[in-house]
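Asker: Handing you this structure, nothing more for now.
The values are calculated or read from the model by the stated rules, or taken from the named source; none is laboratory data. Just so it is clear, the model here is predicted, and its values are computed rather than measured. So basically every Cβ, Gly included, is an ideal-geometry build from the backbone, and we count neighbours across all protein chains shown.
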Amino acid sequence: MSNPDWINRWKQGRIGFHRSEFNPTLLKYWPQLKLSEARSVLVPLCGKSLDMVWLRQQGLEVIGTELVKTAVESFYQEQSLQPAVKEVQGYRHWQADDIHILEGDFFALPEGSIQSTVFYDRAALVALPREMRQQYVKHLANAAPHIQEGLLITVEYDQDLVSGPPFSVEEQEVRALYSPRFEVIKLDTHSAPASTNLREKGVNELIEVVYKLALSSQPPGLF
Ligand SMILES: C[S@@+](CC[C@H](N)C(=O)[O-])C[C@H]1O[C@@H](n2cnc3c(N)ncnc32)[C@H](O)[C@@H]1O
């Protein structure tokens with residue numbers, strides 16, 4: 001999907017990926033991160049995810065990045081927060097109660113612009129087609145060079161039945177994308193209901209896979 005496609009999706013309310021509760025997988029596995037009590041967490045491609053509220057409740061400053069203004073506006077409105085908004089380096093920076101959202105294209109985030117040491121990826125990597133996923137992982141390292149740990153949730157299903165998003169991203173690809181910079185530790189695999197757009201096309205269930213990514217003790221190589 002191109003940027004205009006995402007903008008249209010939000011405009012038309014086709015946001016079957018959005019959950020109206022905290023993600024139980026986040027609540028269950030976040031404590032397994034050493035840095036679960038870090039100062040700042042990056043939530044790439046954040047939408048209006050309630051998980052940002054939960055992460056904030058854990059005492060973390062939250063830095064979300066989101067392309068679509070409607071998503072960002074809805075997030076603060078639905079949380080009854082009054083954000084301060086300013087223009088920074090080509091982005092619109094929204095902030096209320098230490099939940100910051102950088103409105104703009106993730107792939108244009110300036111190098112070193114994010115200080116977070118930990119990230120949370122639910123429905124971000126899998127929102128991108130294969131040809132963009134390597135660029136996403138590279139850009140994550142580039143924009144947020146202090147990242148030491150992350151919690152990643154992917155989905156797997158038969159991609160021949162339907163094209164994404166969400167895209168099916170298998171373990172082998174996750175390892176290829178994040179190694180050797182990160183040690184990739186698989187924490188869990190469970191079945192989960194498919195999002196609306198997949199169900200519409202006949203995929204009712206998929207496999208959700210949870211990974212912990214920990215900065216490798218090897219000398220950092222390029223992604
Ligand atoms: C599948 S949704 C997931 C949202 C959120 N992570 C969640 O769990 O609800 C992907 C989100 O990424 C946003 N997005 C897509 N491309 C983007 C880009 N290049 N930069 C920033 N956000 C982007 C979309 O607008 C959408 O809100």
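Asker: Looking at the stretch 1-17, which of its residues are in contact with a helix residue (DSSP H, G or I) (Cβ under 9 Å, 6 or more places away or on another chain) and within 27 Å of VAL210 (Cα to Cα)?
Answerer: MET1, TRP6, TRP10, ARG14, ILE15, GLY16, PHE17
Table: residues versus (1) farther than 16 Å from ARG56 by Cα; (2) not aromatic (Phe, Trp, Tyr).
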residue	(1), (2)
SER74	yes, yes
SER80	no, yes
ALA84	yes, yes
GLU87	yes, yes
GLY90	yes, yes
HIS93	yes, yes
HIS100	no, yes
PHE106	yes, no
GLY112	yes, yes
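Asker: Does the stretch 116-135 contain any residue that is in contact with a His (Cβ under 8 Å, 6 or more places away or on another chain) and modelled with pLDDT of 95 or more?
Answerer: So far as the stretch 116-135 goes, yes, one or more of its residues are in contact with a His (Cβ under 8 Å, 6 or more places away or on another chain) and modelled with pLDDT of 95 or more.
Asker: Evaluate the stretch 49-71: report whether one residue or more is more than 8 Å from the ligand (Cβ to nearest atom), farther than 25 Å from LEU213 by Cβ, without any contact (Cβ under 8 Å) to a residue 60 or more places away in the chain and out of contact with any Pro (no Cβ under 8 Å at 6 or more places or on another chain).
Answerer: Yes: the stretch 49-71 contains one or more residues that are more than 8 Å from the ligand (Cβ to nearest atom), farther than 25 Å from LEU213 by Cβ, without any contact (Cβ under 8 Å) to a residue 60 or more places away in the chain and out of contact with any Pro (no Cβ under 8 Å at 6 or more places or on another chain).
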